[in-house]
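> Sharing a structure, written as structure tokens. Questions coming.
The values are calculated or read from the model by the stated rules, or taken from the named source; none is laboratory data. Keep in mind that what you see is a predicted model, and the values were worked out from it rather than measured. Neighbour counts run over all protein chains shown; Cβ positions are idealised from the backbone, glycine included.
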């Protein structure tokens with residue numbers, strides 16, 4: 001379907017609506033999965049729009065799109081700003097897209113107002129962050145920072161069995177036609193993003209200055225007891241893994257509550273077997289997702305959790321297997337960039353607060369190698385990854401204003 | 001496959017193996033679902049064997065099989081003994097079958113040793129108890145006691161959509177060909193059954209004299225909170241139904257532990273939506289199954305449970321729906337029959353103990369209308385509803401001996 005061109009696009013809100021057309025679903029959501037037609041159309045449209053802003057645009061070899069404003073004095077010092085173009089399935093209009101569009105509009109306005117910067121500025125539309133098509137995240141920023149390369153595209157497959165490599169090649173990437181995605185010239189990365197949580201909405205502040213992107217550890221805990229008849233089995237002889245997991249989850253939540261600063265603990269997944277009302281389950285699996293900005297806190301909680309699980313299971317005669325299948329280190333944001341962001345907010349009279357990002361972002365991947373910082377704007381009801389995701393025009397504009405001024409501070 | 005006749009069948013163990021051929025599965029289990037070929041072959045074989053014992057045999061109009069030894073003095077006082085012929089899918093050899101075979105063998109021996117009784121004795125092979133084909137239990141004893149009738153056969157359908165009525169008719173029943181299942185002439189019902197639990201094995205006693213068949217209440221609890229991102233949602237803003245259900249299940253188990261005599265509480269079923277590790281669930285459902293021999297204890301626990309669930313959910317901003325979808329009143333066993341059973345055990349030098357049956361049995365259905373009692377023999381490891389279900393020859397024979405002597409006491 002030929003995208004109906006939004007004839008007049010001025011504000012960030014116009015652009016949000018414009019980009020949301022690519023992969024729009026009936027209920028107002030957006031689905032743009034890596035290397036699909038919707039994804040490709042969106043990247044081409046972004047590239048064209050960047051060119052119309054007078055930026056030198058290009059694809060790299062994994063499908064990231066860059067819009068460059070070369071520096072007049074230190075062109076090799078590149079300040080990159082942007083976010084990701086892909087979405088979760090039936091996601092919202094703002095997650096990722098806002099950061100891409102804000103970067104483009106910021107560079108457009110800086111160019112129109114001040115001409116070329118001293119250092120180079122690049123707006124980026126990163127090809128993938130969500131892991132919503134292939135079982136892998138941060139394909140865009142991961143390739144930029146050398147965490148991933150072509151080799152890593154062979155294994156992951158989507159639900160219909162297409163490999164990441166095949167999808168990439170079919171979209172024209174990964175064949176050396178474009179410049180390699182790997183970069184060594186980044187002096188700073190700035191990402192504007194919706195908070196996807198309620199903290200700013202509840203505090204009423206305009207901006208969140210991210211201090212750190214929390215580390216994450218994810219576990220799948222399997223408890224094996226004795227499947228038996230709910231009626232005939234006395235409570236004292238039971239080896240009930242659902243009773244044990246309820247106690248474990250409850251006590252872990254109590255413990256996370258006692259920590260001085262918030263550790264975010266989520267049990268999002270639980271399954272019991274045979275999962276029948278009148279049968280004591282023989283096996284229960286549940287997930288644990290813990291996030292904190294300090295490595296030592298994660299490590300201590302890990303130790304306490306393992307001891308708690310093993311202790312309760314030993315007492316109940318239950319076999320416990322704790323599989324830690326994901327570990328992401330916390331990434332502190334750059335102090336200098338953070339200070340500059342604070343200064344920018346104050347100068348504009350925007351209220352702001354320091355906050356930890358519990359969600360992972362491209363700034364986490366890039367922040368491991370280069371100075372990075374993130375700015376958040378409020379999310380209504382903290383809702384994200386859903387068509388109901390929403391941030392008001394005024395809040396969006398405050399973010400763009402702050403980003404533009406910060407980039408001016410860094411590059412002019 | 002023509003059943004390979006066990007040429008010499010003397011002991012109860014021979015008969016257990018003989019009957020287990022009907023519906024035998026590869027791994028040593030048995031599957032005899034109501035009105036299937038395996039079920040029909042088994043009932044016909046039981047009827048033929050009863051006849052060979054000199055009992056007057058007949059079907060009733062739902063497919064129960066009776067073997068009668070008419071009384072010489074009070075033939076209208078009928079003491080019925082037996083259990084159910086159907087099994088769960090891939091169940092064991094003893095559940096139900098043991099009570100049927102023991103009844104047949106007891107009457108055979110009484111007849112051979114003492115001739116006709118004063119009161120009438122009937123061995124019964126009840127057509128269905130498990131609810132393993134149709135969503136309904138106790139079809140045999142329910143029709144005997146007027147709890148069920150033909151009307152009730154129309155609705156329930158099996159997994160392939162066949163109604164209970166159609167299956168019954170196709171087996172030749174339910175068309176008035178046989179005498180109505182409804183009975184008004186029962187003066188006592190005695191059921192010998194495997195314990196299906198560990199109590200006797202752990203105490204080392206030969207027999208359990210059932211004091212009461214526990215009442216049961218089953219609930220499906222639905223908690224609805226707010227589905228959200230595990231990373232971005234602060235713990236203080238969460239409406240996490242899995243956290244709430246873990247606390248509820250844990251606290252309910254603590255409370256059931258505090259009761260003076262054991263209330264059996266089982267959460268056998270739990271599901272979370274969307275059931276994804278990095279998403280706070282929006283919705284959790286879990287089952288609660290509580291059993292106790294006293295109605296007032298069940299009622300009090302019900303009140304406390306509802307208050308606990310609503311209290312925790314109110315505090316957490318979670319919507320709770322508590323659906324009680326099953327309620328079975330406790331059925332105390334007959335004092336006179338119990339005393340006679342105790343006496344019989346002592347006379348034989350069998351160790352025994354009083355115990356509550358946490359599982360439902362036909363004696364519960366019949367015990368609502370007529371004096372009933374149950375005897376248990378030990379189950380290895382408390383395992384039941386499984387091919388691993390096992391009771392030793394010696395333990396089986398003690399049960400048959402006790403049943404025979406008890407019937408002698410009641411009918412001669």
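> Restricting the search to segment A:224-238, which residues are crowded, with 22+ Cβ neighbours inside 10 Å and more than 11 Å from chain B (Cβ to nearest Cβ)?
Residue satisfying the conditions is A:225 alone.
> Another one. Of all residues in segment B:239-251, how many are assigned to a loop (DSSP other than H, G, I, E, B) and facing another protein chain (nearest Cβ under 8 Å)?
Of the residues in segment B:239-251, 1 are assigned to a loop (DSSP other than H, G, I, E, B) and facing another protein chain (nearest Cβ under 8 Å).
> In this structure, does residue B:8 turn out to be surrounded by 20 or more Cβ atoms within 10 Å (Cβ to Cβ) and either at pLDDT below 95 or under 24 Å from residue B:401 (Cβ atoms) (or both)?
Taking the combined requirement at face value, the residue does not satisfy it.
> Quick check on my filter: what residues within segment A:396-412 are closer than 18 Å to residue A:17 by Cβ and crowded, with 19+ Cβ neighbours inside 10 Å?
Across segment A:396-412, the qualifying residues are A:396, A:399, A:400.
> Answer yes if at least one residue in segment B:128-143 is assigned to a strand (DSSP E or B), touching a strand residue (DSSP E or B) at 6+ places or on another chain (Cβ under 9 Å), under 30 Å from residue B:263 (Cβ atoms) and within 14 Å of chain A (Cβ to nearest Cβ), and no otherwise.
No - not one qualifying residue is present in segment B:128-143.
> Residues in segment B:176-195: is at least one surrounded by fewer than 24 Cβ atoms within 10 Å (Cβ to Cβ), within 11 Å of chain A (Cβ to nearest Cβ) and touching a residue at least 12 places away in the same chain (Cβ under 8 Å)?
no
> If you scan segment B:144-182, which residues turn out to be in contact with a strand residue (DSSP E or B) (Cβ under 8 Å, 6 or more places away or on another chain) and within 14 Å of residue B:59 (Cα to Cα)?
B:144, B:173, B:178, B:179, B:180, B:181
> Among the listed residues B:221, B:210, identify the single one that is farther than 30 Å from residue B:94 by Cβ, more than 8 Å from chain A (Cβ to nearest Cβ) and at pLDDT 95 or above.
B:221
> Is it true that residue A:171 is surrounded by fewer than 23 Cβ atoms within 10 Å (Cβ to Cβ) and more than 8 Å from every other protein chain (Cβ to nearest Cβ)?
The answer is yes for residue A:171.
> Go through (1) in contact (Cβ under 8 Å) with a residue 40 or more places away in the chain; (2) part of a helix (DSSP H, G or I); (3) surrounded by fewer than 20 Cβ atoms within 10 Å (Cβ to Cβ) one by one and return the number of the condition residue A:113 breaks.
Failing condition for residue A:113: (1).
> Might you let me know whether segment B:333-352 holds any residue that is assigned to a loop (DSSP other than H, G, I, E, B), in contact with a strand residue (DSSP E or B) (Cβ under 8 Å, 6 or more places away or on another chain) and within 13 Å of chain A (Cβ to nearest Cβ)?
For segment B:333-352, residues assigned to a loop (DSSP other than H, G, I, E, B), in contact with a strand residue (DSSP E or B) (Cβ under 8 Å, 6 or more places away or on another chain) and within 13 Å of chain A (Cβ to nearest Cβ): absent.
> Check segment B:85-106 and report whether any residue there is free of Cβ contacts under 8 Å to residues at least 40 places away in the same chain and over 15 Å from residue B:32 (Cα atoms).
no
> Let me ask something else. Given the conditions (1) surrounded by 23 or more Cβ atoms within 10 Å (Cβ to Cβ); (2) under 30 Å from residue B:310 (Cβ atoms); (3) within 11 Å of another protein chain (Cβ to nearest Cβ), and given that residue B:200 satisfies all but one, which numbered condition is not satisfied?
Among (1) surrounded by 23 or more Cβ atoms within 10 Å (Cβ to Cβ); (2) under 30 Å from residue B:310 (Cβ atoms); (3) within 11 Å of another protein chain (Cβ to nearest Cβ), residue B:200 violates only (2).
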